[in-house]
Amino acid sequence: MDMEAQKEIPQVRGHWFYGSLRELNESPHSFFANAGPEGHGLFQFRILHKKMISVVDADCALHIFKTNSQNYIRGSNFKKLQAILGLGLICLEGDLWKQHRRFVAPAFKPDFLKYSLSQNIQLIHSLLEEWTQHSLESKPVEIVDQMRRFTLSVIVKALFSIDIDLEKNQQLYRAIVEANDLIFRRNFSPFPFPNWVPTPLNRRIAHTRRAMDKFSNQQISLKQQNPDRDTNDIVDYLLTPNQNGELSHDEMLDEIRTLFIAGFETTATSLTWALYLIARTPDVAARWMQELDHCLGKRDPTWDDIAKLKYTENIFKETLRLYPPAYGLSRMCVAEDINQGYRIPAGSPLLVSIFGIHRSAKYWEDPDQFKPERFEKDWPQHAYLPFGMGKHSCIGSRFAYIEAILILASIGQRFTLALEDSAEVPPNAKVTLLPSRKIFVHLRQRT
Ligand code: HEM
């Protein structure tokens, strides 16, 4: 190791006792992105006695996720997530992670994605029928809740081949929405009690987990009681043995819970932000409608259209740059390392600020502006990581893209969007980067 080349990681001092706890809780995404001094790609801060490093440099991130990824494991934050997720892909490491990835990966291959697209079209039709009714009655729709309901119906259909009745399954809907809030609280709690201590937070976590498992167990038994039912879904893949044997029932429940949590709120919030940004940016909306009219007219999008709807894709891509649902990814440095000239001590917890990298003027021109066309010319690919990077990158990224292009295009074919309140909506970082308030949108039917 070249000791000469080492730079000191700058420190953010914070309160003498709490360190940066207050600032972090107030606005984690902007703290991780902006709290360090200018000109440094990393900075260190403290929460009570625990030190942590925030990374806002794309090359440092590349080193962590790719070049030296074996030295950066998921670490203690992911242990806290286990209370809800159990040992699913998000929380696993090493050989067990590899084994599980082999069970889950086949479900995200093109054959299934293609099939899933046709299923999603049906769900989109029923959502947009409701929206048409709203527009006829000049009633606005509240898109945070609408996109949550839509993405939940998509993930339930993909997992179990069923159309979920959200009125009858309020408990499941509430459990999944609440799970995200609980994960956040547990992650940023300075005093996380072990899971077995019956604190109010731990009891709520256990309750939420039970609600999700109750629903999954019912669906799995239905499948097992009706082996002749012709289904094609993710749980069918999880039930299929491979060269590593088969998943136990509990392992399967962990993976299902993981897919619910990983695939639901991330997609729901990004769709909400996309609609919000389109409604606020008339130039983008106009160019987008031209693409939709040209490629689709009034017919439903098909698998072949996905590759043609480039501007729609770039709108979603740009939304994920501005509001990356996973705004920070944590890792733990195993052995001492030099990263871009900085010495990272063994055992250091790190947080890679995806929000900070995506909004940095070092990589992006007008970083705070919504400009989907920036992806039409050369763009800094290494500074774009909404789905992570390297071996743990998102298994559902194609699934999310296809879902997003389909629903956005279908909305844009039918409606123009106008925000009820044009004031800017600041993000509110929880587990994902949520809008800080409800967003009402007026729909006008396109002729
Ligand atoms: C816009 C939507 C989405 C975003 C922004 C997103 C983001 C991410 C990110 C950043 C990671 C990396 C985590 C890490 O490195 O520690 C990840 C992993 C993962 N995502 Fe997604 N995700 C999205 C949608 C989905 C969907 C739809 C699914 C499944 C239905 C899914 C399932 C997963 C799983 C299982 C992992 C763990 C992968 C592994 O370690 O093997 N995600 N996601």
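For Lys80, the test of being more than 13 Å from the ligand (Cβ to nearest atom), within 22 Å of the chain's Cα centre (by Cα), in a helix (DSSP H, G or I) and under 30 Å from Phe193 (Cβ atoms) is passed. Only residues that are loosely packed, with under 13 Cβ neighbours inside 10 Å, more than 26 Å from Val431 (Cα to Cα) and touching a residue at least 12 places away in the same chain (Cβ under 8 Å) were counted across the range 346-376, and they come to 2. For Ser330, the conditions (1) touching a helix residue (DSSP H, G or I) at 6+ places or on another chain (Cβ under 8 Å); (2) among the small types (Gly, Ala, Ser); (3) away from the ligand (no atom under 15 Å from the Cβ) all hold with the exception of (3). Looking at the range 99-115, can you tell me whether even one residue there is without any contact (Cβ under 8 Å) to a residue 24 or more places away in the chain, farther than 30 Å from Ala383 by Cβ, in a helix (DSSP H, G or I) and away from the ligand (no atom under 13 Å from the Cβ)? Taking every residue of the range 99-115 in turn, at least one turns out to be without any contact (Cβ under 8 Å) to a residue 24 or more places away in the chain, farther than 30 Å from Ala383 by Cβ, in a helix (DSSP H, G or I) and away from the ligand (no atom under 13 Å from the Cβ).
In the set (1) loosely packed, with under 15 Cβ neighbours inside 10 Å; (2) closer than 22 Å to Leu166 by Cα; (3) within 13 Å of the ligand (Cβ to nearest atom), the condition left unmet by His125 is number (3).
Only one of the numbered conditions (1) in a loop (DSSP other than H, G, I, E, B); (2) among the small types (Gly, Ala, Ser); (3) surrounded by 19 or more Cβ atoms within 10 Å (Cβ to Cβ) is not met by Ser216, and that is (1).
Of all residues in the range 83-96 being in contact with a Leu (Cβ under 9 Å, 6 or more places away or on another chain), touching a residue at least 24 places away in the same chain (Cβ under 8 Å) and assigned to a helix (DSSP H, G or I), which is nearest to the ligand (Cβ to nearest atom)?
Residues of the range 83-96 in contact with a Leu (Cβ under 9 Å, 6 or more places away or on another chain): 83-84, 86-91, 96.
When the remaining residues are screened for being touching a residue at least 24 places away in the same chain (Cβ under 8 Å), the result is 83-84, 86-91.
Now narrow it down to the ones that are assigned to a helix (DSSP H, G or I): 83-84.
On the way: Ala83: 17, Ile84: 14 Å.
The selected residue is Ile84.
Among the residues of the range 297-309, are any of a type in the set (A, V, I, L, M), farther than 30 Å from Asn71 by Cα, outside any helix (DSSP H, G or I) and away from the ligand (no atom under 15 Å from the Cβ)? The answer is yes; a qualifying residue exists.
Taking the condition in a loop (DSSP other than H, G, I, E, B), in contact with a Leu (Cβ under 7 Å, 6 or more places away or on another chain) and of a type outside the set (Ser, Thr, Tyr), does Gly412 pass? Outline the logic, then answer.
Working: in a loop (DSSP other than H, G, I, E, B): no; in contact with a Leu (Cβ under 7 Å, 6 or more places away or on another chain): yes; of a type outside the set (Ser, Thr, Tyr): yes.
No.
None of the figures in this text is laboratory data; all of them are computed from the coordinates on show. Since the model is a prediction, treat every value here as computed from it, not as a measurement. No Cβ is skipped: glycine too gets one built from the backbone with ideal geometry, and neighbour counts run over all protein chains shown.
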